[in-house]
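Presented below is the structure to which this report refers.
The values are calculated or read from the model by the stated rules, or taken from the named source; none is laboratory data. Owing to the predicted nature of the structure, the values given are computational and were not obtained by experimental measurement. Methodologically, a virtual Cβ is constructed for each residue, glycine included, from the backbone with ideal geometry; neighbour enumeration extends over all protein chains shown. With ligands, DNA and RNA removed, areas are computed over all heavy atoms of the protein, side chains included. Shrake-Rupley method; radii C 1.70, N 1.55, O 1.52, S 1.80 Å.
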Amino acid sequence: MKLPKELLNGFIIFIGIGLYFLLMEALGLADLYYLRLINVLFVFYGTQRTLKSNFAEGKTILVSNAVSALITSLTGIFLSIIGLIIYSFSKGGDAYVSSLSKTFLFGGNPSVMTYSISLLFEGIVSAVIVTFMLMLYWDTRYASDKHQN
């Protein structure tokens, strides 16, 4: 059974974000919220792989490609949040979360679930933005290629 490319690339996003987070944790940099902005590069990479594959297969319909890209990025985001919840509880739960990103999104001591839900919303927004940006890139690229023939 072959895994759909959206799930496979979403899993690649999850692995990339997870390994990056673990590296930042090992280096003692997990509390620096601005380093989390690099997570979006993994979302770009996985979503780009899906769209590149779709266009290589001749799938050029804007709406179906947008749905495919969004499924890819959201899969990566949801898996990453689930991974964060599991990891946070394994490291001490709320006490662990309070040591992370004290200046980002929160003024007090968030619980694991509050922290995760906030990151989920942040991730969904980044997934939508990445999808729109890549759709504009691929749609424009494909449209200009069609006119040259």
>> Could you list, ordered by first residue, the pairs with Cβ atoms under 7 Å in which the first is in region 7-22 and at positive phi and the second is of a type in the set (A, V, I, L, M) and surrounded by 16 or more Cβ atoms within 10 Å (Cβ to Cβ), at least 6 apart or interchain?
In response: none
>> Out of the residues in region 22-34 meeting the condition of being over 17 Å from residue 118 (Cα atoms) and outside any loop (DSSP other than H, G, I, E, B), tell me which one is modelled with the lowest pLDDT.
In response: 25
>> Name the single residue that is farthest from residue 130 (Cα to Cα) among those in region 1-42 being crowded, with 16+ Cβ neighbours inside 10 Å and among the charged types (D, E, K, R).
In response: 5
> Quick one: which of 73, 64 is hydroxyl-bearing (Ser, Thr, Tyr) and surrounded by fewer than 16 Cβ atoms within 10 Å (Cβ to Cβ)?
Replying inline: 64
> open to solvent by 50 Å² or more (accessible area, probe 1.4 Å), farther than 19 Å from residue 12 by Cα and either at pLDDT 95 or above or under 17 Å from the mean Cα position of the chain (by Cα) (or both), is that true of residue 45?
Replying inline: no
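Take the conditions within 22 Å of the chain's Cα centre (by Cα), within 30 Å of residue 83 (Cα to Cα) and at pLDDT below 75 and apply them to residue 119. Does it pass?
no
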> residue 64 versus (1) of a type in the set (Gly, Ala, Ser); (2) farther than 20 Å from residue 137 by Cβ; (3) assigned to a helix (DSSP H, G or I): which is the lone unmet condition?
Replying inline: (2)
